[in-house]
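All remarks here apply to the structure that follows.
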Amino acid sequence: MVRKKSILKDAFREIKLNKKRFLSLLLIITIGTGFYVGLKSTVKDMKDTAKKYYKETNLMDIKINSDVGFDKSDEIRLKNIKGVKGVNLNKTLDATAEANEKKYIIKLNSISNDRSIKSDDYINRLILTSGKYPSTINEGLVEESFLKDNNLSLNDLITLTPENKSDLRAKKIKIVGTVKSSYYSSKNKKINETDNKKLDYYMYLEENEFGFNYYNEVFITIKNEKKLDTYSKEYENHIDGYKDKIKSVAIESYNEKKQKNIEEIENNINSIESSLNDIYSSDLPQDSLTDEIKNLSDELNVNKSNLSKAKNASIHVQTRNELSSFYEYKQEIEKIDKISKAFSLIFLLATTFVALTFIMNIIEEQRVQIGILQAIGYSKFDILFKYLLYAVLVSIMGSAIGSLLFYKLLPKLVSLCYGAFYDMPSIITSFQIKHALFASLFTLLSTIIAILFIFFKDTLETPATLIRPKSYKKIFLEKYNKIWNKLSLSNKIIIKNIFTNKKRLLMTIIGICGDITLLLASFGIHDSIKETSKIDVLTNKINITPTLSNITIILILTSMILLFVVLYNLSNTIISKRTKELATIKQLGFYDNEVTSYVIKEIVIITIIGTILGLVFGSLLAYYVINIFNFSFHISLVSYILVFIITLVFLFIMNLVMHFKLKKLDITSVLKK
């Protein structure tokens, strides 16, 4: 028991004496586990936020557009279909809006007369964000961005001009309120779902504002007793099962109306042609009938045009999944999910490798201390307890801090990226214990297994052997005398220090390689997105949105932070392990710049090896991720150069930090130890 207490005190003394090293390792684990948890949480948080928004606003499940229109009898027919929950008739119209001498394409929608949140028929519910609902036919509601973009305020007037002037009763509309609509949540709006013609804004007016007495859209919701997830395949199948039933009822009504319209227009045409024939066959002077002939001819042309439209009329039935605002946001979530699968585990692996290197260095540094403890009677398991406690503390603390910090931070950062392109509510973040537990257990088990392996491997020797300085074999370069003998003494020492402990060298290189891999891959994905965007512009396709490009910036910044911490730890480890050696060469008369150069060369060589490997693996990782998205693979030369520059800048900062640290090195106190 006494021994356990002594070991426990020794463990906490180790942390106290080397606070910077403990905090550095804590920071690495915090970033790795935090990024994993945050990225994994983002997908679910985005889905949960959208699902709550769609539920609160009663977003439609099915929409029908018809050129021949709908009436109240269609509403009754559709409501009688078993499984239909709500039906909402809507008037819609495209118009040109003029504000501050600028013109825009704007979609006009009728406001539902029944706006009770308890009503199943109030579909695509509006969220009033300022002002009030219209009370007369010359008042309307707009989206918030319309006011901001055009420097307008409530009660300002805008001019609306539809293609057919009779379709609107009032041409000057007073803006009395602003709204948000889940139906128009994407800021990349389209006039309709069948073409890519851009729509600038949307607006809502009272039904009586429209000059026609029919409805051209119907929104429908379906009962969902099983509460199926709107993003699931089960939900899609559930809605598709009703789509055919609804379509058959809608088409039956559509065919009746279409035939009736054609007959009415044909009768009008026959009547007008008959009137014209009567005029031409009359004995009255043609000059006196010019105006009447002109009016009838114009009316005949209008009716012929209407007949052509009536014969070419169409009806479209689509589900929520075919709605551009819903589908595009769903695609964004899927992209984040793919990024999460590709990067989150790699971040966790990279940070774990660095943590393992750290702990391995600690055990090797304390080789003599381990030998002394064994010599005075402490068992291997007593000594092992100290390092296991160290690993458990740093792993659990790092995982806890990272999980608690990043589960909110990362989803909110991603949400900010999407805010410019989607009008969605603030993201709802939730702590997902399964991701936090996985990250914590992965880090903890990895470090424990590594400690067990390293500790028992290094303590196979007798205490007497452990206490003596470790003897190393010649490195491969020493076998080539012609090369080795040409090297200066300082360069020989640097090379021996690097390659003597191959296990430590390998772990360090893997850590740096992992960070460079993540950094270059992030740059590569960013480049590929830009390249694909250019191709999309040329081919008039839309494969991606700029939001994904913003996500890669978060990846780049996180990779940079991780790389900086790793290089900082590398420099600290080298200094702490060789304090006596550095103090000795200072005692021998080496200047501060020479001592710094002596250390920095070692760091630079290790970093260059890790960087070159990282550039190779980073290119492969970027290629893998880009293929998942079916984008055009492209990593610019600038990105490779940027990775090198970032690494060099970090090395320069490390050089400055080390230089001042080595200048303050107390030679006397170090050599007395």
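Quick note: the coordinates plus some simple rules give every number you see, no bench work behind them. Note that the structure is predicted; figures quoted are calculated from it, not measured. Every residue, glycine among them, receives a Cβ derived from its backbone with ideal geometry; neighbour counts consider all protein chains shown.
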### Summary
Rounded to the nearest 0.05, FRET efficiency between E225 and S248 (Cβ-Cβ, R0 30 Å) equals 0.85
### Query
Nearest 10 degrees, 0 to 90: what angle lies between the long axis of helix 546-577 and the longest principal axis of the chain (Cα atoms)?
10
### Query
So what is the relative contact order for the stretch 94-214, in percent, with contacts set as C-alpha pairs under 8 Å and at least six apart?
37
### Message
Relative contact order for the chain: what percent, with Cα pairs under 8 Å and sequence separation of 6 or more?
### Response
19
### Task
Name the aspartates and glutamates eligible as straight-distance cross-link partners of K55: C-alpha to C-alpha under 12 Å, and not fewer than 8 places from it in the same chain.
D120, D229
### Query
What are the ³J(HN,Hα) values, in whole Hz, obtained from phi via the Karplus relation 6.51 cos²θ - 1.76 cosθ + 1.60 with θ = phi - 60°, for each residue of the stretch 206-215 in sequence order, with x given for Gly and Pro?
5, 3, 5, 5, 7, x, 10, 9, 10, 10
### Full-stretch length increase - K55, S379 - with 0.36 nm per residue and alpha-carbon distance subtracted
110.3 nm
### Task
Sort out the exposed loop GluC sites (Glu not before Pro) in the chain (DSSP loop, at most 12 other Cβ within 10 Å) and tell me the longest stretch that has none.
226-673
### Task
Using θ = phi - 60° and the Karplus relation 6.51 cos²θ - 1.76 cosθ + 1.60, list the HN-Hα couplings for the stretch 161-172 in order, rounded to whole Hz, with x at every Gly or Pro.
10, x, 4, 9, 4, 6, 6, 10, 7, 10, 9, 9
### Query
What FRET efficiency do you get for R115 and K148 if R0 is 25 Å and r is their Cβ-Cβ distance, rounded to the nearest 0.05?
0.50
### Message
Quick query: amide H of N124 versus all other amide H atoms, modeled in the peptide plane; which residues come in under 5 Å with a sequence gap of 5 or more or a different chain?
### Response
L59, M60
### Query
By how many degrees, 0 to 90 and rounded to 10, does the Cα axis of helix 489-499 deviate from the longest principal axis of the chain?
60
### Query
So if R0 is 30 Å, what FRET efficiency would L393 and Q331 give, r being the distance between their Cβ atoms, rounded to the nearest 0.05?
0.10
### Query
What spacing in nm lies between the two simple spin-label points modelled at F660 and E299, each 7 Å away from Cα in the Cβ direction?
9.2
### DSSP bridge pairs, the chain: antiparallel proportion in percent, nearest 5
80
### Message
Please compute the modelled spin-label separation between S597 and V368, points set 7 Å along Cα→Cβ, answer in nm with one decimal.
### Response
3.0
### Query
What is the distance in Å between the Cα centres of the stretch 3-41 and the stretch 492-525?
22
### Task
Go ahead and estimate [θ] at 222 nm for the chain from helices alone: -39,500 (n - 2.57) per DSSP H run with n ≥ 4, summed, over the residue count, rounded to 500.
-22000 deg cm²/dmol
### Query
Which of [x] 38.0; [y] 36.6; [z] 43.5 is the computed mean projected area of the Cα convex hull in nm² for the structure on display?
[z]
### Task
Take the Cα of V649, step 7 Å along the line toward its Cβ, and report every residue of the stretch 492-524 whose backbone nitrogen sits under 17 Å from that point.
516, 519-524
## Note on the structure
Under 19 Å by backbone N from the virtual spin label 7 Å along Cα-to-Cβ at S430, the residues of the stretch 288-331 are 330
### Query
How far is it, in nm, from the label point at K338 to the one at L642 when both lie 7 Å from their Cα along the line to the Cβ?
2.1
